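Trainee: Structure incoming, see below.
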Amino acid sequence: MADTLPQQQLLLELLIMSGQIAVPADDTDMILWRTLEECKTTGWITWVEVSPGLFSIEITRKGRQAATS
């Protein structure tokens, strides 16, 4: 299906194992936030701000498929 970059694959696998993660928005220039943005753009993840500056990240069905292909 989709080709994932190594950091995207790692994030997707982490989300498959954990279900969801919480990420602070302290430094959105980090590679983590760049990877989150890439994955959100492709529809592999969703996020919701659960508290000011704290986001809940979840994998989508499309993200699960991309991680296992």
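Trainee: Only residues in segment 38-65 that are part of a helix (DSSP H, G or I) count as the first member; pair them with residues that are open to solvent by less than 50 Å² (accessible area, probe 1.4 Å), Cβ under 6 angstrom, at least 6 apart or cross-chain, and list the lot.
Mentor: 39/8; 39/45; 62/43; 62/44; 63/12; 63/44; 63/45
Trainee: Would you be able to tell me the number of residues in segment 41-61 that are under 18 Å from residue 9 (Cβ atoms) and over 12 Å from the mean Cα position of the chain (by Cα)?
Mentor: Going through segment 41-61 one residue at a time, the tally reaches 1.
Trainee: Which ones in segment 1-32 are surrounded by 11 or more Cβ atoms within 10 Å (Cβ to Cβ), in contact (Cβ under 8 Å) with a residue 40 or more places away in the chain and over 13 Å from the mean Cα position of the chain (by Cα)?
Mentor: 2 - this is the single residue of segment 1-32 that is surrounded by 11 or more Cβ atoms within 10 Å (Cβ to Cβ), in contact (Cβ under 8 Å) with a residue 40 or more places away in the chain and over 13 Å from the mean Cα position of the chain (by Cα).
The values are calculated or read from the model by the stated rules, or taken from the named source; none is laboratory data. The structure displayed is predicted, hence computed values, not measured ones. Every residue, glycine as well, gets a Cβ built from its backbone with ideal geometry; the counts of neighbours run over all protein chains shown. For the accessible areas, the whole protein counts, side chains as well, though only heavy atoms, and no ligand, DNA or RNA atoms are used. Shrake-Rupley method; radii C 1.70, N 1.55, O 1.52, S 1.80 Å.
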